[in-house]
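Structure first, then comments.
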Amino acid sequence: MTKQLNRSNFPGPNYPEKIIQFGEGNFLRAFIDWIIDNLNQKTDFNSGVTIIRPIDTHQPSINEQDGLYTTIVRGLNEQGDTIATPRIIYSVNREILIYQDYQLYLKCAENPDLEFIFSNTTEAGIAFSDKDKATDTPPTTFPAKLTCFLYHRFEFFTGKRDKGLIIIPCELIDYNGERLKELVLEYANLWQLGDSFITWINESNTFCSTLVDRIVTGYPKDETTQIEQQLGYQDQFLDTAEYFYLFVIQGPNWLKQKLNLNQVDLNILVVDDIKPYKERKVGILNGAHTAMVPIAYLAGLRTVGQCMDNPKIETFVKNLLIQEVIPTLSLDQGQLKQFADEVLKRFKNPFIKHELMSISLNSLTKFKTRLLPQLLTYSKQFNQPPKYISFALAALIAFYRGEYQGQTIPLTDNEHLLAKFNQWHPLYQNDVKTLVTNILKMTEHWGIDLNHIAGLNDLVTEYLENILSHDIKDYIPNH
């Protein structure tokens, strides 16, 4: 009979509770808890995690396995071979279900050794509700729950300055730490928790904004039996992820020492401002996705992996990044090229089945945030529009027709934008120039009239006419 993963069958290190984590999902377990487990093993970090489940669900608790689970990191090695590295994670001690045991949750705030709070409650989690009350058990929003926790700690330790915490949210919103702190202070004011508590929040606690990057593919339900046979035990909390990871924390310099980053080589950066790293990720990783999707989809491809197996698409993406995106970014060019190489390697990961249609959601808005800054900067720097980004824009316009060569394209975007394209549908056949002019002058969407960029209208029109009247595969630029 196969053993169950738990601390009786698989004894290992126990670490004192120094970390509270809001969120029990796959991402945090294959990112934060995996990082903490590495820090514990390779340094004297010596920190255990208590997970707080921030929503009221009746899914199984990791307490059933004494906090243990397996992370399997999978991808390509330097030689291009597929490899998978399993690791039993010992950093998690327990999980508290806040809706079932609110007092046990507050009791954690009384721990004098507590140092860190991490979170990932999704983008919607960092929110405010004036209906939340300090007496709720618990209040609904994550910032309200956090405020109650911090206030309980403040009162228990009578406002001692050395009992503040380092709070590191991982939600995917800009400057998440600053936003979370704003909402905690908003609740402190709403609930009239007092000036001394507000001073303690400001002076004794450190809120850090972050940039997180790792594709976590989660529970491998189609492979569970095979994986458990290979591992030799049962694990209902298996978690799979890609090899690449990056954790950028905007915080004080002393945080590097606090995290023992001088003792171990992990891809964790503590920086003064995450903005250039955010621009790098958005421009290179997300920008490559957004440029690739309409071109590849119109060419008959359906996944990112297929794109990387197609020499024309792979060359297009490489050239777009090297020639047009990287020259517009502020970080060191060598560092940017290394990141771009890493991104292309990640795209080839055979364990990640990334559907183009899932990436295509709200593509017009994604083009604005991910590629328009590069289009504008490049045009200004070189006095001409970037040909690869312009071709991607032309392909996007063709994509938004909703059909190509007799095949329907299931578009998902803002209804107002889709209605405009539907209204312009006849122009695809009889007046492409006017269609491009109309789209480039959507100032309410782009923020400016793109017709003012010299040469852009003519180039996009030429590309779009070729895409619509021929096979897109014959016109993809590759030099």
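Answer yes if at least one residue in region 149-166 is more than 21 Å from Q192 (Cβ to Cβ), acidic (D, E) and either crowded, with 21+ Cβ neighbours inside 10 Å or at pLDDT 95 or above (or both), and no otherwise.
Yes, region 149-166 has at least one match.
One residue is enough: does region 104-116 have a residue meeting the conditions in the same structural domain as D174 (by TED's automatic domain parsing), of a type in the set (A, V, I, L, M, F, W, C), touching a strand residue (DSSP E or B) at 6+ places or on another chain (Cβ under 6 Å) and without any contact (Cβ under 8 Å) to a residue 40 or more places away in the chain?
Yes, region 104-116 contains at least one residue that is in the same structural domain as D174 (by TED's automatic domain parsing), of a type in the set (A, V, I, L, M, F, W, C), touching a strand residue (DSSP E or B) at 6+ places or on another chain (Cβ under 6 Å) and without any contact (Cβ under 8 Å) to a residue 40 or more places away in the chain.
Tally time: how many residues in region 230-239 are of a type in the set (D, E) and part of a strand (DSSP E or B)?
1
Among the residues in region 220-241, are any closer than 22 Å to K353 by Cβ, surrounded by 15 or more Cβ atoms within 10 Å (Cβ to Cβ), aromatic (F, W, Y) and within 16 Å of the chain's Cα centre (by Cα)?
No, because not a single residue in region 220-241 is closer than 22 Å to K353 by Cβ, surrounded by 15 or more Cβ atoms within 10 Å (Cβ to Cβ), aromatic (F, W, Y) and within 16 Å of the chain's Cα centre (by Cα).
Can you say whether T443 is more than 25 Å from S469 (Cβ to Cβ), at pLDDT 95 or above and exposed (fewer than 12 other Cβ atoms within 10 Å of the Cβ), as far as the supplied structure shows?
yes
In this structure, is F244 modelled with pLDDT under 95, in a loop (DSSP other than H, G, I, E, B) and not assigned by TED's automatic domain parsing to the domain that holds L356?
Considered against the rule, which asks whether it is modelled with pLDDT under 95, in a loop (DSSP other than H, G, I, E, B) and not assigned by TED's automatic domain parsing to the domain that holds L356, F244 comes out as yes.
To keep it simple, each residue is scored yes or no on (1) in contact with a Leu (Cβ under 8 Å, 6 or more places away or on another chain); (2) in a loop (DSSP other than H, G, I, E, B).
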site: N14; (1), (2): no, yes
site: K18; (1), (2): yes, no
site: W34; (1), (2): no, no
site: D44; (1), (2): no, yes
site: V49; (1), (2): no, no
site: E64; (1), (2): no, no
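Taking P16 as meeting all but one of (1) surrounded by 14 or more Cβ atoms within 10 Å (Cβ to Cβ); (2) closer than 24 Å to C148 by Cα, write down the number of the exception.
The number of the failed condition is (1).
Given the conditions (1) in contact with a Lys or Arg (Cβ under 8 Å, 6 or more places away or on another chain); (2) surrounded by 12 or more Cβ atoms within 10 Å (Cβ to Cβ), and given that Q100 satisfies all but one, which numbered condition is not satisfied?
(1)
Can you tell me which residue within region 94-143, out of those that are among the aliphatic types (A, V, I, L, M) and either modelled with pLDDT under 95 or farther than 22 Å from P16 by Cα (or both), is farthest from the chain's Cα centre (by Cα)? If you could, list the steps in order and put the result at the bottom.
So in region 94-143, the residues among the aliphatic types (A, V, I, L, M) come out as 96-98, 104, 106, 109, 114, 117, 124, 126-127, 134.
In the following step, the residues that additionally are either modelled with pLDDT under 95 or farther than 22 Å from P16 by Cα (or both) were identified as 124, 126-127, 134.
Working: A124: 14, I126: 15, A127: 18, A134: 31 Å.
Selected residue: A134.
Inspect all residues belonging to region 33-49 and state whether any of them is over 26 Å from L211 (Cβ atoms) and at pLDDT 95 or above.
Yes: one or more hits.
Suppose we filter N176, N93 for residues that are of a type in the set (S, T, N, Q), closer than 30 Å to L5 by Cα and either in contact (Cβ under 8 Å) with a residue 40 or more places away in the chain or not assigned by TED's automatic domain parsing to the domain that holds L68 (or both); which single one remains? Walk me through it before giving the result.
Working: N176 fails: closer than 30 Å to L5 by Cα.
When all the criteria are applied, what remains is N93.
For A134, indicate whether it is surrounded by fewer than 21 Cβ atoms within 10 Å (Cβ to Cβ) and in contact with a strand residue (DSSP E or B) (Cβ under 6 Å, 6 or more places away or on another chain).
Details: surrounded by fewer than 21 Cβ atoms within 10 Å (Cβ to Cβ): yes; in contact with a strand residue (DSSP E or B) (Cβ under 6 Å, 6 or more places away or on another chain): no.
When the stated conditions are applied, A134 does not pass them.
Which residues, taken from region 354-402, are more than 24 Å from the chain's Cα centre (by Cα), surrounded by fewer than 17 Cβ atoms within 10 Å (Cβ to Cβ) and not in a helix (DSSP H, G or I)?
Correct list: N383, Q384, G402.
Which of the numbered conditions does S47 fail, given that it passes all the others? Conditions: (1) free of Cβ contacts under 8 Å to residues at least 12 places away in the same chain; (2) closer than 15 Å to L165 by Cβ.
The one condition S47 does not meet is (1).
Return the total of residues in region 250-301 being in the same structural domain as A340 (by TED's automatic domain parsing), touching a helix residue (DSSP H, G or I) at 6+ places or on another chain (Cβ under 7 Å) and assigned to a loop (DSSP other than H, G, I, E, B).
2
Could you check region 79-113 and list, in sequence order, the residues that are small (G, A, S) and either within 16 Å of S61 (Cα to Cα) or part of a loop (DSSP other than H, G, I, E, B) (or both)?
Selection gives G80, S91.
Could you count how many residues in region 323-353 are surrounded by 17 or more Cβ atoms within 10 Å (Cβ to Cβ) and over 30 Å from D239 (Cβ atoms)?
Adding up the residues that qualify gives 6.
Hey, among N26, N40, which residue is surrounded by 13 or more Cβ atoms within 10 Å (Cβ to Cβ), under 28 Å from Q229 (Cβ atoms) and in contact with a strand residue (DSSP E or B) (Cβ under 9 Å, 6 or more places away or on another chain)?
One residue alone meets the criteria, N26.
Quick one: H289 ticks every box in (1) touching a Ser or Thr at 6+ places or on another chain (Cβ under 9 Å); (2) in contact (Cβ under 8 Å) with a residue 24 or more places away in the chain bar one, so which box is it?
Here H289 meets the rest and fails (1).
Given K368, K345, K337, K380, which one is in contact with a Leu (Cβ under 8 Å, 6 or more places away or on another chain) and of a type in the set (D, E, K, R)?
Of K368, K345, K337, K380, the one residue that is in contact with a Leu (Cβ under 8 Å, 6 or more places away or on another chain) and of a type in the set (D, E, K, R) is K345.
Could you tell me whether A454 is assigned by TED's automatic domain parsing to the domain that holds H470 and either at pLDDT below 95 or exposed (fewer than 13 other Cβ atoms within 10 Å of the Cβ) (or both)?
yes
Given the criteria in contact with a strand residue (DSSP E or B) (Cβ under 7 Å, 6 or more places away or on another chain), of a type in the set (V, I, T) and either exposed (fewer than 13 other Cβ atoms within 10 Å of the Cβ) or in contact (Cβ under 8 Å) with a residue 24 or more places away in the chain (or both), does I409 qualify?
So I409 passes the test.
The values are calculated or read from the model by the stated rules, or taken from the named source; none is laboratory data. Worth saying up front: this structure is predicted, and the values here are computed from it rather than measured. Cβ: placed from backbone, ideal geometry, glycine included. Neighbour counts: every protein chain shown.
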